[in-house]
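Everything on this sheet refers to the single structure shown next.
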Amino acid sequence: MNREIFKRGLNGRTKIIVYAAVIFLVLLGIYVSGAFLGEEQIAADFSKKALPPSLEHPFGTDMLGRDMLVRTIKGLSVSIVVGVVASSVSAVIALIVGVIAATGKSWLDHFMNWLIDLVMGIPHTVLLILISFACGKGLKGVLIGVAVTHWTGLARIIRSEVLQIRSQQYIEVSRKLGHSNWWITVHHILPHMVPQFLIGLILMFPHAIMHESGLTFLGFGLSPEQPAIGIILSESMKYLSTGMWWLAFFPGLMLVIIVLLFDKLGEHMKKIIDPYSSHE
């Protein structure tokens with residue numbers, strides 16, 4: 001009986017690992033495909049402008065004759081890069097703030113909590129637009145805007161985790177042995193934060209990608225010269241009334257799929273790293 005339960009658990013865990021690996025390879029494939037697409041492959045060809053979806057052009061072509069499948073993959077590749085970089089910076093900020101709040105003096109903890117409440121209290125889109133505009137928009141504005149607005153939720157989780165770890169008996173023993181707070185943080189607390197940090201980082205990707213696309217769509221993100229999904233969707237709005245539905249439908253659908261894939265990857269990674277989370 002115990003052997004059957006063990007096998008069932010092992011099979012379930014193996015399935016989760018396989019699912020996570022497949023999702024990762026799909027996302028990696030989209031990024032690599034977009035990264036290796038040259039400018040000549042998204043160049044204008046007026047002899048093929050405004051073609052509906054077909055076998056030759058599955059996503060159709062735009063008003064300049066550019067293949068929408070190629071543009072979409074290129075745009076998704078850009079969005080993935082922006083999402084990964086911005087999320088990584090934001091996760092590091094969350095780790096630093098959460099650890100400082102939990103291990104520092106009480107006034108520092110109050111200040112960090114006040115800062116988190118302040119950032120969370122401002123409407124997210126408004127804050128993103130203000131930061132991006134203040135930083136000159138473009139790639140730099142998007143990266144900074146997304147990075148400094150997505151750390152609050154993870155910071156609170158890390159703070160509560162660190163407080164729980166600090167209450168453990170072995171931390172008190174380490175302190176009585178003469179180890180400093182810095183030594184305890186580096187050797188006892190931070191290693192325990194790695195799983196939470198990785199899960200929070202992956203789950204931050206879809207939010208970063210969606211907000212990058214939203215900022216670009218509103219005109220506060222990437223420049224029109226870059227093949228970003230937000231630019232593609234913004235341009236497509238001009239031609240929807242003429243019946244060119246494919247210009248917005250396929251890029252929008254692919255963006256939703258990418259976001260859902262990142263979200264599923266985060267859920268599977270959480271189950272792999274913390275098996276007990278699947279029973280919550």
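Every read-out reported here was derived from the displayed coordinates using simple, explicitly stated rules and does not represent laboratory data. It should be emphasised that the depicted structure is a prediction, and the values quoted were computed from it without experimental measurement. All Cβ positions, even for glycine, are placed from backbone atoms using ideal geometry, and neighbour counts span all protein chains on display.
Things worth noting here:
- Rounded to the nearest 20, the Cβ-based charge dipole of the chain about its Cα centre (Lys and Arg +1, Asp and Glu -1) stands at 760 debye.
- Based on DSSP H segments of at least four residues, each scored -39500 (n - 2.57), the chain has a per-residue ellipticity at 222 nm of -24000 deg cm²/dmol.
- Helical segments meeting 20 Å axial Cα length and Kyte-Doolittle 1.0 threshold in the chain (DSSP H): 68-103, 190-218, 246-273
- The residue list THR125, ALA44, GLN226 was ranked by how far each Cα lies along the charge dipole of the chain toward its positive end, using unit charges on Cβ atoms, and THR125 comes out on top.
- Kirkwood Rh and Cα Rg combined as Rg/Rh, the range 47-144: 1.24
- What the Cβ-Cβ distance of ARG13 and HIS187 gives, at R0 = 30 Å and to the nearest 0.05, is a FRET efficiency of 0.55.
- Packing order of peptides 39-51, 187-199, 119-131, highest average first: 187-199, 119-131, 39-51 (average count of other Cβ atoms within 10 Å over each peptide's residues).
- Choice from GLY266, GLY252, GLY243 showing the highest fluctuation, given a GNM over the chain with Cα pairs closer than 10 Å: GLY243
- Solvent-free Debye calculation, one equal scatterer per alpha-carbon of the chain: log10 I(q)/I(0) at 0.11 Å⁻¹ equals -0.76.
- Mean projected area in nm² (Cα convex hull; one quarter of hull surface) for the range 148-209: 4.5 nm²
- Efficiency of FRET between SER180 and LEU118 - r from beta-carbon atoms, R0 45 angstrom, step 0.05: 0.90
- Cα-based convex hull volume of the range 173-280 per residue, rounded to whole Å³: 151 Å³
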